[in-house]
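I have placed the structure first, in the form of C-alpha cells, so that the comments after it can refer back to it.
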Amino acid sequence: MNVARTIEAFRRLRAQLPEPVGFVPTMGFLHDGHLSLVRIARERCASVVASIYVNPSQFAPTEDLADYPRDLDRDLALLEQEAVDLVFAPEEAVGLYPEGYDTWIELPTIISRLEGASRPTHFRGVATIVAKLFNIVEPDVAVFGQKDAQQALVIHRLIRDLDFDIELVLGPIVREADGLAMSSRNKYLSPGERRAATALSRSLRCAEGWYLSGERKAENLRHAMMEILAAEPLVQQEYVSVASPTDLSELETIEGRALVSLAAHLGRTRLIDNTVLPPGESLL
Ligand code: AMP
C-alpha cells in the first residue's frame, strides 16, 4: 500500500493504478463503517484509493475541528489489512487550500434543510472538498455511506450537475451490536451518554415498525420518535424529520419513499442517524 502526503506524489502513484479505480473519502479515525465502504470498492474495482483528511472548511468555527479524533498510524494499518492500494493523506498544511483560496461549490436548495439548516456552512465545505478530491483522485466509482444521508444526496447532485464521470455507490449504515450507528464521534461519549445514545436507533426502529403496521402520517412517526428521545434525559434532540428523499421537504403523508432522520446532542457530542422507508429501499 502506498501513502501519498502531497497532491504531486499522489498523482504520480495514481497514474500507475489499474482501472477501474474505486475511491472512499474519509476523515480518518476509521471504524467498521468506513471499512465496509472500502470492501464495497474492492468488490467493484481493480484498484482502491482511500483518503484521510479532516477538511477544515466543513467545520464551523464553533465546531470540533481541533478535537476531531485522529490516529493516522492506526488508520493506515487498517487500510493495509483491507488491501487498499493507495492512500491520499495530505499533510494538513499542504496545499489543498492555498493562500487566497476562493472557489466554493454551493447547492442552495438541497443544503437549506436538516443538517444544512443546523450547520449552514457545512455542505459548501463538503461539496468543495469532494469536488477537489474527485479532480485529484479521478475515480471511476466513489463509495459513500448512507449514514450521512444528506451528504449522499449532495454528492449525487454534485456529480450530476458538474458532469463528473463517476458512479456513486452508497453503503448501508454499519451499527454497533446495540444499534448505535458507528461514528468517529462516538469516542466522545461518556459511559452514560453511550448507553443513552441507543435512543437514536431505537426511535428509527420504532418509526419503521409503525410504518410496517400501516401508519402513513408523518407527524405521528415524528411524535413517536420524539417521545423515545425525550425519555432519555441525556439526549437533547435537535431535529426529527420525515422528508422526501428528493428535495428533503417535510412530508405530511408518506406515499412513496421517505428519509427518516434525526440529530441529537449528548453532552458535547452531536450525533445523526437515519433510515429509509419502506425499510430496505435505497436513498438514491
Ligand atoms: P467520515 O470519516 O465521517 O467523513 O465518513 C467517511 C465516509 O464513511 C462517509 O461516506 C460516511 O457516510 C461513511 N460512514 C460513516 N459512518 C458510517 C457507518 N456507520 N456506516 C457506513 N458508512 C459510514
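Any read-out appearing in this document is the output of simple, stated calculations on the displayed coordinates, not a laboratory observation. Values in this document were obtained by computation on a predicted structure and should not be read as measured data. Note that each Cβ is placed from the backbone with ideal geometry, even for glycine, and that neighbours are counted across all protein chains shown.
Treating cross-link reach as a plain straight distance, find the lysines whose alpha-carbon is under 25 Å from the alpha-carbon of Lys187, omitting any fewer than eight places away in the same chain. Cα-Cα hits under 25 Å: Lys147.
Starting from the Cα coordinates of segment 41-90, work out the convex hull volume and express it per residue in Å³. So the per-residue hull volume is 94 Å³.
Here is the size of the chain from its Cα atoms: Rg then Dmax, 18.9, 56 Å. Using only Cα atoms, find the angle between the long axis of helix 149-161 and the longest principal axis of the chain, and express it within 0 to 90 degrees, rounded to the nearest 10. The answer is roughly 50 degrees. Based on the convex hull around the alpha carbon atoms, segment 131-204 presents an average projected area of 6.1 nm². With one equal scatterer per alpha carbon and no solvent term, the Debye-computed log10 I(q)/I(0) for segment 222-284 at 0.14, 0.17, 0.18, 0.25 1/Å reads -0.43, -0.61, -0.67, -1.04. The angle separating the long axis of helix 198-212 from the principal Cα axis of greatest extent in the chain is about 70 degrees.
Taking the alpha carbon gyration tensor of segment 165-226, multiplying each eigenvalue by 5 and rooting it gives semi-axes of 24, 21, 10 Å, largest first.
Each 5 Å bin from zero up to the one holding the largest Cα-Cα distance in segment 62-207 carries the following percent of pairs: 2, 7, 13, 17, 22, 19, 13, 7, 2, 0. Using only side-chain charges placed at the Cβ, +1 for Lys and Arg and -1 for Asp and Glu, the dipole size of the chain relative to its Cα centre rounds to 380 debye.
Each principal axis of the Cα cloud of segment 1-100 was taken in turn, and the coordinate range along them, longest first, works out to 40, 30, 20 Å. Database remark: amide H of Val48 closer than 5 angstrom to the amide H of Gly22, Asp85, Leu86 (H placed geometrically; neighbours at sequence offset of 5 or more, or on other chains; Pro and chain starts carry no H).
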